[in-house]
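**Q** Quick one: this structure, given as structure tokens, is what I'll be asking you about.
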Amino acid sequence: MSGRHRILVARRRPTALTWVAVLLAVGVALLGGVVAVTTGGPRNAPPMQSMAYFADWNTANRGYSIKDVDDSGAAARLDRLIWAFGDVSDEGLCHVPPDADQPWQIFQRRYSAEESVDGQADAYEQPLAGSLNQLRKLQEKYPGLRASISLGGWNWSTHFSEAVRTEESRERFVASCVDLWLRGNLPRLEGEPQGGEGVAAGIFDGIDLDWEWPGGNGHPDNVEHPDDRRNFTLVVAEFREQLDALGRETGQHYTLSASLTHDEQIMRDSYEPEVFEHLDFAVVQGYDFTGSWAETTGHHSQLYAPEDGPDQTSVDRVVRQYLDHGLPADKLVLGIPGYGRGWSGVAPGPDGDGRFTRAEDGADGDYGESTDAYETLERLDGERFFDRATGAYWIYDGDEWWSYDTPEVVRLKGDYAADHGLRGLVLWNLDMDPEGELVAAMAESLD
């Protein structure tokens, strides 16, 4: 790690739940004149879960494969891998887009022995190849590793609204997702031996709904209808019914989850509280609170708002808004970022650290607009700051300013999740953490 590292000791006004945590357990140690205080409540709840997203397009775009999930040590530490993404067609059905690169990458590409999880090369005629076959091999190596297919995402939520508009369309949509992703009936493409009935059966035991967002405020290309909020509840109930029916057939439980926004107004516009009854868990995005669209620097994933900025969005605030909205704590999985957001042309400001200071522009990033991976940000030169009281970390080199999560921040969030009885943590996404450092911190903090 380049540059100096400064730990800030800042005061934060404890919330009611924080006082409860403090009263439950306070450890004080005097080491070399430094007072270390740790807090944490008893962990009598069922074991918490470590999860992470695998973005399938980055196998082609960045060379990050399922084998890398194993080699980094992440696979051994994860309870669930969430695969991003499955598409919804303009006919309102789950499908693998035939005109995209996805069919080749996920079930047709033959892996060499060196590329393969088990060191065995694929044969040309085998019915399942690609990343899905590698995931099956990974699950054979780690039998406790479960997998969900996440549907939609920012770019592929276009036709969700049409898919869920009527009772008939919802039944047909859900049945197509169960058939494709859980029963594993992959399409057969002309001239290729891969695909067919049941070839991917058993890889996924869960479906994650990442419609961004019911009720609007999503991608500008999304189809929208005024009844989206209600229809989202109805389609979640339909998924629950069909997954339970499949479970009675196979004798196993199928997991249903949803990915939810951090924005409070979008939350209220998108989700009826009763929708949570049908979910096994919900991923709440604990990131993207700010970014280069703002004129001043700020933390996009801070655990707590600073005392001098109590109205700033924070993980704690987002969690509380969902608990108040009816999401049970033990169904809430907190999303953590494997990336940071940055600005350029940043003056030092009154504290000399660039925080909450006007910027000229967004910083250059390799993961979209002013966005870069944890791995890259760890290699930057500059002075590093860790504010333990707010759970925020940043780097500043006199011009560029980046906010991102490190293992130290992830451990704080794991402690927070445990203290508040949450379901666990989930990382977006694995290729941003190629050495598995954030996954290791996540798993250790939840153990």
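**Q** When only alpha-carbon atoms are used, what values of Rg and Dmax, in angstrom, describe region 389-447?
**A** 12.7, 40
**Q** By how many degrees, 0 to 90 and rounded to 10, does the Cα axis of helix 130-141 deviate from the longest principal axis of the chain?
**A** Approximately 70 degrees, to the nearest 10.
**Q** Could the peptides 129-138, 105-114, 252-261, 335-344 be put in order, highest first, of the mean number of other beta-carbon atoms found within 10 Å of their residues?
**A** Highest-to-lowest ranking by the protection proxy: 335-344, 129-138, 252-261, 105-114.
**Q** Now a separate question. Relative contact order for the chain: what percent, with Cα pairs under 8 Å and sequence separation of 6 or more?
**A** 18 percent
**Q** Can you give me the convex hull volume of the Cα atoms of the chain, divided per residue and expressed in Å³? Please list the in-between numbers first.
**A** Details: hull volume 67.5 nm³, N = 447.
That works out to 151 Å³ per residue.
**Q** Determine which lysines satisfy two conditions relative to Lys137: a Cα distance under 24 Å, and not lying fewer than 8 residues away in the same chain.
**A** Lys67
**Q** What trypsin sites (Lys or Arg not before Pro) does region 353-447 have in DSSP loop regions with at most 14 other beta carbons within 10 Å?
**A** Passing both the DSSP loop test and the Cβ count: Arg379.
**Q** Take the Cα coordinates of region 324-447, assign each an equal point scatterer, and use the Debye formula without solvent to give log10 I(q)/I(0) at q = 0.15, 0.16 Å⁻¹.
**A** Each listed q corresponds, in turn, to -0.73, -0.81.
**Q** Okay, next question. Would you work out the charge dipole size for the chain about its Cα centre, treating the Cβ of every Lys and Arg as +1 and the Cβ of every Asp and Glu as -1, and quote it to the nearest 20 debye? Before the final figure, lay out each step's value.
**A** Numbers: 38 positive and 77 negative charges, 326 e Å.
Dipole of the chain, to the nearest 20 debye: 1560 debye.
**Q** With 5 Å bins from zero, work out the P(r) of region 265-387 over every alpha carbon pair and list the percent per bin.
**A** 2, 10, 17, 20, 18, 13, 10, 7, 3, 1
**Q** For the chain, what is the calculated [θ] at 222 nm in deg cm²/dmol (nearest 500), taking -39500 (n - 2.57) for each run of four or more DSSP H residues and dividing by its residue count?
**A** -7500 deg cm²/dmol
**Q** Continuing with the same structure: Asp399 to Glu435: extension gain in nm, 0.36 nm per residue of separation minus the Cα-Cα distance? Let's see the in-between values first.
**A** Working: separation 36, 0.36 × 36 = 12.96 nm, distance 2.82 nm.
This chain segment gains 10.1 nm when fully extended.
**Q** Here is a follow-up. Measuring from label point to label point, each 7 Å out along Cα→Cβ, what is the Asp221 to Glu192 span in nm?
**A** In this crude spin-label approximation the distance works out to 2.0 nm.
**Q** Can I ask one more? Give the relative contact order (percent, whole number) for region 150-280; include only Cα pairs under 8 Å separated by 6+ residues.
**A** It rounds to 28 percent for region 150-280.
**Q** Hey, another quick one. If each of Glu171 and Glu241 carries a label point 7 Å out from its Cα toward its Cβ, how far apart are those two points in nm?
**A** Rounded to a tenth, the inter-label distance reads 0.8 nm.
**Q** Hey, another quick one. As I understand it, the value is the acute angle between the Cα axis of helix 167-177 and the longest principal axis of the Cα atoms of the chain; what does it come to in degrees, rounded to 10?
**A** Tilt of helix 167-177: around 90 degrees.
**Q** Within 10 Å of each candidate Cβ there may be at most 13 other Cβ atoms; applying that plus a DSSP loop requirement, which GluC sites (Glu not before Pro) in region 347-447 survive?
**A** The qualifying sites are Glu360, Glu369.
Each reported figure results from applying straightforward, stated rules to the coordinates on display, with no laboratory input. Not measured: the values here are computed from a predicted model. So basically every Cβ, Gly included, is an ideal-geometry build from the backbone, and we count neighbours across all protein chains shown.
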